[in-house]
Amino acid sequence: MKLNEIKEILAAEVVCGDELLDREVTSAFACDMMSDVLAFAKADSVLLTGLVNPQTIRTALMLDMHAVVFVRSKRLTEEVVALAKESGIVVLSTDCRMFDTCGKLYAKGLKGSGEGDG
């Protein structure tokens, strides 16, 4: 699924990376614990989270994730936005809660990161 589709499905605001919305993601991973993201998420995923700090962007970068969607209309600091821009990570913000965000994307065909791994 393209990031532009995710933006539309979630009625999300593009915080940064508007020029990168044609990127494709293969799955999504929803979590606020970055240790779990590091342990279980896959590359080419989109990270769905409510945790607004630089570690979120660094975690996405380490795992070759293309985008982070911040749920519940979280407000981002300049530091987080600057790091995302520098790292080439698309950042979206949605009013949706985590559960609803996951459900909307799953209903449109986006699978969970690691789904089907056994």
- Which residues, taken from region 77-95, are out of contact with any Cys (no Cβ under 9 Å at 6 or more places or on another chain), buried (at least 19 other Cβ atoms within 10 Å of the Cβ) and assigned to a loop (DSSP other than H, G, I, E, B)? T94
- Task: Would you check which residues across region 31-51 are open to solvent by 40 Å² or more (accessible area, probe 1.4 Å) and either outside any helix (DSSP H, G or I) or in contact (Cβ under 8 Å) with a residue 12 or more places away in the chain (or both) and list them?
- Result: D32, M33, L38, F40, K42, A43, D44, L51
- Task: Among what's in region 1-21 and is assigned to a strand (DSSP E or B) and not charged (D, E, K, R), pick the residue that is farthest from G103 (Cα to Cα).
- Result: C16
- Message: List the residue pairs whose Cβ atoms are under 8 Å apart, where the first residue sits in region 60-88 and is on the phi > 0 side of the Ramachandran plot, the second is among the charged types (D, E, K, R) and assigned to a loop (DSSP other than H, G, I, E, B), and the two are 6 or more positions apart or on different chains.
- Response: D64/D44; R72/D95; R72/R97; S73/D95
- From the set of residues in region 96-118 that are modelled with pLDDT under 95 and in contact with a helix residue (DSSP H, G or I) (Cβ under 8 Å, 6 or more places away or on another chain), which is surrounded by the most Cβ atoms within 10 Å (Cβ to Cβ)? S113
- Could you tell me which residue of region 25-76 is farthest from K104 (Cα to Cα), considering only residues that are basic (K, R) and out of contact with any Cys (no Cβ under 8 Å at 6 or more places or on another chain)? R58
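The values are calculated or read from the model by the stated rules, or taken from the named source; none is laboratory data. Source: prediction; values computed, not measured. Here the Cβ is made from the backbone with ideal geometry for all residues, glycine too, and neighbour counts use every protein chain on show. Remember, those area values only see protein heavy atoms, side chains included, never the ligands or the DNA or RNA. Shrake-Rupley method; radii C 1.70, N 1.55, O 1.52, S 1.80 Å.
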